[in-house]
Every structure is written in structure tokens, then in C-alpha cells.
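The values are calculated or read from the model by the stated rules, or taken from the named source; none is laboratory data. These figures come from a predicted structure and were not determined experimentally. Ideal geometry is used to build each Cβ from the backbone, glycine not excepted, and the neighbour counts take in all protein chains shown. Protein only, heavy atoms only, side chains kept; ligands, DNA and RNA dropped before computing areas. Shrake-Rupley method; radii C 1.70, N 1.55, O 1.52, S 1.80 Å.
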Amino acid sequence: MPLIAEVFPVEKDDFVTAGEASAKIKRTLKKLGVDSALLRRISVCSYEVELNLVIHSLGGTIDFQVTQDSVMLLVKDRGPGIANLELAMREGWSTAPESVRMMGFGAGMGLPNMKRNADEFDIKSEAGVGTEILMKFRLK
Amino acid sequence: MVIRRIAELLEAEVILGEDKLDMEVDMAFSSDMMSDVLAYVTGRTVLLTGLVNEHVIRTAEMVDLECIVFVRGKLPTQEIIDKAKENGMVLLATTHTLYCTSGILYSNGLTGIGRRK
Ligand SMILES: Nc1ncnc2c1ncn2[C@@H]1O[C@H](COP(=O)(O)OP(=O)(O)O)[C@@H](O)[C@H]1O
Ligand SMILES: [Mg+2]
């Protein structure tokens, strides 16, 4: 039984509210007393994945769950999927348009950053279908 | 280095957080790319950036950055300032370029974040 379970919808191109789900997740975990270094790792992952939903996907959800000993982020979107996962996981590789770069995003660091910061990271994607990312963090 | 010293060295305008200038930071990070901020920043860091939008504040919030210096004379809008205020941040603005801002602080003893392995 999770202590906390909440699903945050994230819409495509919604740059105005981008990051609000991550801010809520961060506040919730802070209240639970999660230590600051771990909290930062979780926040970086949720923010990067939330931005990817806004920038690259057709929209999706972040399913946030906290249990006694772990935090889980399960992210699913409605497409368009990633054709070449190996390329997408490479630092510096990005298909973000110039308009997104002007906002400070599209450095191609998001996915590698999530992989580095999560205790468990799993990505599945199918072109034309969608992308699913599971990240887990151990609570001490 | 205390933020007050940073403001003095950069002849910066204190836009927000006059009451927090005695706060300490251990290092600085310069970037206009927010993903690089997310990839590198740990610990008590001041962000030097030429990017001025609300995403800078949100990004700072995610990695617990408490002080941001806007360079090249760029000034944040009231909306951005309000968002920073909600997060208890200090905002400074200097007319120096990003390179010179970094150089001034580095040569006065404020180190940067090391290379990643
Ligand atoms: N949810 C997604 N849906 C479709 N494509 C994605 C998604 N997330 C990432 N990608 C693809 O993977 C690339 C790399 O992602 P990332 O490492 O976060 O860098 P960035 O977001 O800066 O481009 C993106 O440019 C995009 O092509
Ligand atoms: Mg990204």
C-alpha cells in the first residue's frame, strides 16, 4: 500500500505550468522529511521528465507514489514515441526546436540526467505509440 | 563567499532578498541552459545566467539554488521576481557579461563546480 499516490496530467506545449507537478512533488516529499540530497535527485528527475512531456510528447501523466521505503515516478505519454532510444540517451542529443532552446531547454541532458540520478531507471518507447519511463528512488 | 560580497564585486543591483545578503555560497555555476544547471548543481551554489524567464526560477527551486545573478544588464519581470520571492531567493543583476562576471568572482576566490566524471 502506497502512503501517497497521485497522478499528475501534463499537457503538450504547456510551458506556463511546466514544472508545477514537480514543484508539488518536491513540496510533498519535503514535508515527509526526505533528506535534501535525495530530494534534489528526485526533483531533477521529475522536472526533466515533466519538461520532456511538455516539449516532446503529445501529453501524458506522471504517476507519483511513495511507499515506506521508496519513491516511484511512472511516466506515460500518448506518443509520438522515440525512434532511436540509444541516440536519445546520449548526452547532448536533442531534437528540441530553437524556440525551446531560447527558453533554456533542449541541451539533450534530460534522459542521461534521469538515468544518473535515479536508483532505478527503465525506459520503453515505441515510435508511433508512446514512451514509458519508470524511475525509483530508495528512501533510507 | 557571502552574497553581499558577490554583489559588491559585481557592482550588482539587489533586486530581491536585501535581508539575505549575509547568506553564504560555496561555489558558482554559469549557464544559459537549464538542463546543464540540473545536471551539475549540488550544494550551496550561486547561478550566473543571461537567461531571464520563469523557468530559471523553477529550475533553481528544483536544485535548491538560493541566489541568481542575471548578467548583461538583463532585468527580470515582476512575475519572475514574485516567483523567486515565494521561494525565498536572492536576485542580483549586473551589467557585466557572463564571462567577466564569472572571472571576477573566480579571481576573488569563489570556485566553480568541477568536471563530471
Ligand atoms: N516523452 C518523449 N516523447 C518523445 N520523444 C522524447 C521524449 N522524451 C525525450 N524524447 C526525445 O529524446 C531526446 C533527448 O531527450 P533529453 O535527453 O531529455 O534532451 P532534450 O529534452 O534536451 O532534447 C529529445 O530531444 C527527444 O527527441
Ligand atoms: Mg529533456
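Structural remarks
- Apportionment of accessible area to carbon and sulfur, the range A:4-138, percent (1.4 Å): 52 percent
- Pairs beyond 24 Å (Cα-Cα), from A:Lys30/B:Lys20; A:Lys115/B:Lys85; B:Lys20/B:Lys83: A:Lys115/B:Lys85
- B:Arg58, B:Arg116, ranked by accessible area, largest first (probe 1.4 Å): B:Arg116, B:Arg58
- Length-normalised contact order of chain B in % [C-alpha pairs under 8 Å, at least 6 apart]: 32 percent
- Sparsely packed loop sites in the range A:30-90 (the trypsin sites (Lys or Arg not before Pro) outside DSSP H, G, I, E and B with at most 15 other Cβ atoms within 10 Å) comprise A:Arg78, A:Arg90.
- Taking a ≥ b ≥ c as the square roots of the eigenvalues of the Cα gyration tensor, an a/c ratio of 1.5 or more together with a/b larger than b/c marks the range A:68-118 as prolate.
- Charge dipole magnitude, Cβ of K and R +1, D and E -1 - chain A, Cα centre, debye nearest 20: 520 debye
- For A:Thr131, net neighbour charge (Lys/Arg +1, Asp/Glu -1) across residues whose Cβ lies under 10 Å away: 0
- Each Cα pair under 8 Å and six or more residues apart adds its separation to the average, and for chain A the resulting relative contact order is 27 percent.
- Ranking B:His96, B:His55 by solvent-accessible area of protein heavy atoms (1.4 Å probe, all protein chains present), from largest to smallest, gives B:His96, B:His55.
- Local net charge near A:Pro2, Cβ-Cβ under 13 Å (Lys/Arg +1, Asp/Glu -1): -2
- Solvent-accessible area per residue in chain A equals 50 Å², computed with a 1.4 angstrom probe and all protein chains kept.
- Considering only alpha-carbon pairs that sit under 8 angstrom and 6 or more positions apart, the relative contact order computed for the range B:1-67 is 29 percent.
- Counted charge near A:Ala83, where neighbours are those whose Cβ lies closer than 14 Å (Asp, Glu -1; Lys, Arg +1): 0
- Buried on complex formation within the range B:60-85 (loss of at least 20 square angstrom of accessible surface versus the isolated chain, 1.4 Å probe, ligands and nucleic acids ignored): B:Glu61, B:Met62, B:Val63, B:Asp64.
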